[in-house]
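Here is the structure we will look at, set down as structure tokens.
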Amino acid sequence: MMERADSSQKLYTRMRLWEFPDQYVVEPTDGSCGSSLAISRKDGSMNLIDELPECNSVRVPKIQTIFGVVGMLKLLAGSYLIVIMEHECVGSYLGHPIFKVSSLKIFPCNHSLENSPEEQKKMETEFSGLLNVAERTSGLYFSYDTNLTLSAQRLHDLGDASKLLPLWRQAEPRFLWNNYMLEVLIDNKLDPYLLPVIQGSFHNFQAAIGKDIIDVTLIARRCSRRNGTRMWRRGADSDGYVANFVETEQIMQFNGISASFLQVRGSIPLLWEQIVDLTYKPKFGIVRPEEAPQVVERHFLDLRKKYGAVFAVDLVNKHGGEGRLSEKFALAMQHVVGDDVRYLHFDFHHICGHIHFERLSILYEQISDFLERNGYLLLNEKGEKMKEQLGVVRTNCIDCLDRSNVTQSMIGRKMLESQLRRLGVFGAEETISSHPNFDESFKILWANHGDDISIQYSGTPALKGDFVRYGQRTIQGILKDGWNSLARYYLNNFSDGTRQDAIDLLQGHYIVSVSRDMTPSSQKGGLETLASFPLALSLVLTGFLLATISLRQGPNDLRHLFFSVMWASMSIAIAAFMRANGRIFCNRPRLHKPR
């Protein structure tokens, strides 16, 4: 009975996609004896077939090899099939091969659009254009054999009945990146085609310590409940789901023994936002502050159900806009702090500055008792649980990228040292730093992890990455941070709005429909049609240049003083207009119907 169940749930690992004029056919070519999947190019309807359609001079199909069906997405009139064209094996997770998506491709099933009204065709073209952005989604991983959405501890605790279920049914929905896109395939009961995909990061290394070989893996799972880009997804929603929530699992394997340690990061769980307005650092705005206690309570109730005890570490500044946000967070935390929930504010920039990150040892001293009490998962050679993790540290800064990654890498280092001491690999005073090769590999592991998460949220690698990668701040690293900060500014204002739209389509946060409040961008007119950021910026810079030239002559000629004031006033007016009308220059989402 068990063997038949396992066989029936096997995922197809290699397929051939046939493109006929009227349909696509996905044929398993990995040695499986399953039926092929036929998908209509008119409306996206699906059915299983046992024989391939006939090929002749009129029906000459294009044939391509694919490695997985990610799902199906329906827009206004057409449906769109999303498949994996290229992949690479990046390592193993608890003995199972893990693959990274190298290339996605979207195949339209929208022939019915030919008979649609012009307005609908126009809208379909605009929305389907967002799918081109979706094809470039980074950090997608999957396995044909194991469930990447679950940590080692949750996988171990699965019951025998659950282990016989298809992978998609075992999956944790919040970490299932293609959850919404799989719905059509689920409705059609296409289990062998239902490939769970996560977004995040996956890196590992092996290093020798004496005669022992230590294998270390770092895997990140991004939550899809409030997924998005840096300035366009902030804080929490009313259900307590936060932006940039990431579960990071550090796994150590040694002589058949496995240890797993989980941490999480996520935006401050209040209803807050930063409206993109062309300023370098838009003001923080708290929405419906009266709901803060309930939102925080829902967030931490969910964390306690998933992880047990929670220690919230807030790394934001104590002053300025960050300080006001942190004060609201601390105030709301008073209602939830107790035996299972603890809270600590640690002003990272004030204590560590921009170079003294070794002072994070001060933070570790304050959380070490929690870490020792709640521990980590430890499995012996037989796979039996010797120890389990009973709680999790939740780290946040403003973006939950740079300060958070430096802090999490420090905690991960301390916990790995504790595990190696328990197993007798390390002596009582021995540390990772005692082994240069191991130390270097560990730093690179966390630096790459931080870059991956940062690219997915902000569009650039992580700041402060030189400390994580080399153990110290460098001039080159500081200069690189400056460049990445400028790149983030550009992306936040002129690219991420479109990327946010694409994410919302893929995640099913918005379902498109023709409505009065959805105006195609092509209908913009007047000044908005002519305005562009480069033009406006050029006018501002030119104005200030002319004002400076005129001002030099001001003391000798009142006319020059007048013109300098005039040029400066014009520049200020244009800059103010740019800020007040950021929507002209920024890619704001155009989706209005929540799922």
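Placing a label point 7 Å from the Cα of GLU440 along the Cα-to-Cβ direction, the residues of region 187-211 with a backbone N closer than 18 Å are 204-210. Whole-Hz Karplus values for region 227-235 come out as 6, x, 9, 3, 7, 9, 9, 10, x Hz, taken residue by residue from phi with 6.51 cos²θ - 1.76 cosθ + 1.60 and θ = phi - 60°; glycine and proline positions read x. Each residue of region 173-185 was assigned a 3J(HN,Hα) from its phi angle through the Karplus expression (A = 6.51, B = -1.76, C = 1.60, θ = phi - 60°), giving x, 5, 9, 8, 4, 9, 3, 5, 6, 7, 4, 5, 5 Hz with x at Gly and Pro.
Rounded to the nearest 10 square angstrom, ILE82 shows an accessible area of 10 square angstrom against a 1.4 Å probe.
Determine, from the Cβ-Cβ distance of SER485 and HIS319 and an R0 of 22 Å, the FRET efficiency 1/(1 + (r/R0)^6), rounded to the nearest 0.05.
Numbers: r = 20 Å, r/R0 = 0.90.
The calculated FRET efficiency here is 0.65.
The relative contact order of region 397-494, computed from alpha carbon pairs under 8 Å that lie at least 6 residues apart in sequence, is 26 percent.
Annotation: extensible slack from ASP22 through SER112 equals 31.3 nm (criterion: 0.36 nm per residue apart, minus Cα-Cα distance).
Normalised by the number of residues in region 134-216, the average gap of Cα pairs under 8 Å and 6 or more apart makes the relative contact order 36 percent. Given +1 at the Cβ of Lys and Arg, -1 at the Cβ of Asp and Glu and no other charges, the dipole of region 251-400 around its Cα centre is 180 debye to the nearest 20. Of the solvent-accessible surface of region 61-169, computed with a 1.4 Å probe and all protein chains present, 48% belongs to carbon and sulfur.
Working out 0.36 nm times the residue gap between LYS62 and SER32, then minus their Cα-Cα distance, what length gain in nm do you get to one decimal?
8.6 nm
Full extension of the chain between ILE186 and ASN380 yields a length gain of 66.1 nm, computed as 0.36 nm times the residue separation minus the alpha carbon distance. Amide hydrogen proximity for LYS387: with H placed 1.01 Å from N in the peptide plane, the residues at 5 or more positions away or on another chain lying under 5 Å are LEU378. Count Lys and Arg as plus one, Asp and Glu as minus one, and take only other residues whose Cβ is under 10 Å from that of PRO53; the net charge is then -2. Take region 1-128 with all the other protein chains still there, run a 1.4 Å probe, and you get 50 Å² of accessible area per residue.
Backbone geometry of region 98-111 corresponds, through the Karplus equation with coefficients 6.51, -1.76 and 1.60 at θ = phi - 60°, to 3J(HN,Hα) couplings of 10, 10, 9, 6, 8, 7, 9, 9, 10, 10, x, 10, 10, 4 Hz, x marking Gly and Pro.
Each label was represented as a point 7 Å from its Cα along the Cα-to-Cβ direction; for ASP160 and GLU86 these points are 4.5 nm apart. Peptides 374-385, 497-508, ordered by how many other C-beta atoms sit within 10 Å of their residues on average, highest first, read 497-508, 374-385. Taking amide H positions as modeled 1.01 Å from N, with prolines and chain starts lacking one, the residues under 5 Å from VAL393 and 5 or more places away or on another chain are VAL264, PHE311.
The values are calculated or read from the model by the stated rules, or taken from the named source; none is laboratory data. Here the structure is a predicted model, which is why all the values come from computation and not from measurement. Reconstructed Cβ throughout: ideal geometry from the backbone, glycine too, with neighbour counts over all protein chains shown. Accessible surface is based on the protein model in full, side chains and every heavy atom, while ligands, DNA and RNA are left aside. Shrake-Rupley method; radii C 1.70, N 1.55, O 1.52, S 1.80 Å.
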